[in-house]
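Here the structure comes first, spelled out in structure tokens, and everything after it is commentary.
Every number here is computed from the coordinates shown, using simple stated rules; none is lab data. Since the structure is predicted, the reported quantities are computational estimates derived from the model, not experimental observations. Cβ placement follows ideal geometry from the backbone for every residue including glycine, while neighbour counts extend to all protein chains displayed.
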Ligand code: DGL
């Protein structure tokens, strides 16, 4: 297998990273992608940096063993916990992480008040402290961890009544303080876009970093000579996405259908002694 024909590896705690996968596929249609959802451990948000780092390192090992030519972490929480150690462990592998998009929000705010919705572990990490420190001087940054929202989105209720209650509790006080820009600092939250828009109204800017992440992946692939062949002479125009979950494949399949409109086959993998293994024998594990 040539380097360029190898897949991109992507992982999140669950379905959140699908909001970035959507942007990746729009930007890089010829690429094969392995999307790994660690639904045995979702949500990552309340777990803390050490535990999420351990999960992320094991998932990265697995994706690399599957041939990943680049790893993208479409998860702010896993990036907060593991981006730096993974880059140290794999200095030759391009790794793209995420951080809450405080920079563009701070550049565009007119009221000088920005709201960030992200998980507790993301707020705890150095990455977040450093973006606020570097880019939000003179801007008021309000934060909310939206407890319970990831669980609602995982359950297929991204725009249901409970999600709305959680988002109203987060956003209304921010609006009361003059916030004019909301950073979607967790990749699950773009799936609640309609509810968020409805609460904040048309004048508030919502910042989703997914397209910027996809452009960054594109430029790293180009720099490394790793981009899949496309266009004239290519064997095929569209890459294939392989979905894997450490949770329930049927539920994941249903979410992929609802969130991306795609009928996917979802493979099940298992955690055994801190490492990931493909499911060998279905009966053995039931
Ligand atoms: N989607 C993830 C993020 O961007 C993780 C959410 C969670 O599992 O708590 O932070």
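Here are the numbers for the structure shown:
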{"quantity": "Contour minus Cα-Cα distance for residue 262 and residue 3 (0.36 nm per residue)", "calculated": "90.5 nm"}
{"quantity": "Nearest-0.05 FRET efficiency for residue 66 and residue 88, computed from C-beta distance (R0 25 Å)", "calculated": "0.70"}
{"quantity": "Among beta bridges that DSSP assigns inside the chain, antiparallel share in %, nearest 5", "calculated": "10 percent"}
{"quantity": "Length added when fully stretched, residue 250-residue 205, from 0.36 nm per residue minus Cα-Cα", "calculated": "12.7 nm"}
{"quantity": "R0 of 45 Å, Cβ-Cβ distance residue 240-residue 172: FRET efficiency to nearest 0.05", "calculated": "0.55"}
{"quantity": "Expected 222 nm ellipticity per residue - DSSP helices of 4 or more, -39500 (n - 2.57), all of the chain, to 500", "calculated": "-12500 deg cm²/dmol"}
{"quantity": "Peptides 14-23, 177-186 ordered by average Cβ neighbours within 10 Å, highest first", "calculated": "14-23, 177-186"}
{"quantity": "Cut-off 20 Å (backbone N to label point 7 Å along Cα→Cβ of residue 159), residues of segment 1-31", "calculated": "15-23"}
